[in-house]
Amino acid sequence: MKIIIGIPAFNEEKNIAGIITKLADITDTIIVCNDGSSDLTSDIAEKMGAFVINHEKNLGYGAAIRSIFLKAKELDGDILVTFDADGQHRIEDIEKVTKPIIDQEADLVIGSRFLKPNLVLYKYRWINRLGVRILSKILSSFVGFKITDSHGGIRAMRASVVRELEMIGTHTYVQETIIDASDKGFRIKEIPSVWKKRREGKSRVVSSIPTYIFYTLPILIIRSKQHIKWLYSLGIALILLALLYFLLFMGFYIFL
């Protein structure tokens, strides 16, 4: 099967060459979305033979993934693997996330840091872990099955998932993918994935997890259609409240 690897990258000139070199042993089709970098990320990736998409300014992880999806559709692969540019994923995990698709067991496979103990090989901030835990529980309630890592960056998806995926947020790709794939009946599977410490550069992890949840949750509620249920319930409650007010008013008027 033809595997395409897509890499969203922002100021990763110190990491991108090493990653592309290692990935070249797996596939000859690598897409790099340079998301408004101010360094040489784009030049290095292009010289190394990757298909490079350039955003004029930094649009966010979701926007970079969207651009990768559009290019992947043009290249007509069988499986798209998304792989972060910071060097925290293991190259050998690509075989693990693609195997369930090749074996016809899944359509979307997510690498999870928390499916087993000791998969994160560095000191992971407790506030970040708490944020992921909260979002994972919310996401699990939306799709009806347990998700342990809402932010798994290494993923594999069948071409049909790539073609049909719809996103409305610019920063909610990791969650929206799961909700949308679930809604469309695609089979989703998590597999254990080791996460290493970033070797070079600065992490793009959101510094304020509560702020991230504040901006993310409304998109997830809309995508899960929970707002329709809530609005429907609110409408019924308002009607009942109005009816109660009417009855109280009529009772007061009759006995006056």
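Condition check for V52 on (1) among the aliphatic types (A, V, I, L, M); (2) open to solvent by 70 Å² or more (accessible area, probe 1.4 Å); (3) more than 23 Å from V97 (Cβ to Cβ): one failure, at (2).
On the stretch given as the stretch 130-139, residues that are under 28 Å from F69 (Cα atoms) and open to solvent by 20 Å² or more (accessible area, probe 1.4 Å) total 4.
The criterion of being modelled with pLDDT under 95, crowded, with 21+ Cβ neighbours inside 10 Å and under 22 Å from the mean Cα position of the chain (by Cα) holds for E12.
When G62 is tested against (1) open to solvent by less than 10 Å² (accessible area, probe 1.4 Å); (2) touching a strand residue (DSSP E or B) at 6+ places or on another chain (Cβ under 8 Å), just one condition goes unmet, and that condition is (2). Scanning the stretch 40-64 for residues that are among the hydrophobic types (A, V, I, L, M, F, W, C), touching a Gly at 6+ places or on another chain (Cβ under 9 Å) and touching a residue at least 60 places away in the same chain (Cβ under 8 Å) yields one hit, L59. Summed over the stretch 90-107, residues that are hydrophobic (A, V, I, L, M, F, W, C), surrounded by 19 or more Cβ atoms within 10 Å (Cβ to Cβ) and more than 24 Å from R163 (Cβ to Cβ) total 0.
Scan the stretch 70-89 for residues that are surrounded by fewer than 23 Cβ atoms within 10 Å (Cβ to Cβ), farther than 25 Å from L40 by Cβ and either in contact (Cβ under 8 Å) with a residue 40 or more places away in the chain or under 16 Å from the mean Cα position of the chain (by Cα) (or both) and the total you get is 4.
Restricting the stretch 141-187 to residues that are open to solvent by 20 Å² or more (accessible area, probe 1.4 Å), among the polar types (S, T, N, Q) and over 22 Å from K73 (Cβ atoms), the residue that is nearest to the chain's Cα centre (by Cα) is T148.
The values are calculated or read from the model by the stated rules, or taken from the named source; none is laboratory data. All values reported here derive from a predicted model rather than from experimental measurement. When we count neighbours, we look across all protein chains shown, and the Cβ atoms used for this are built from the backbone with ideal geometry, even at glycine. For accessibility, only protein heavy atoms count, side chains too; no ligands or nucleic acids. Shrake-Rupley method; radii C 1.70, N 1.55, O 1.52, S 1.80 Å.
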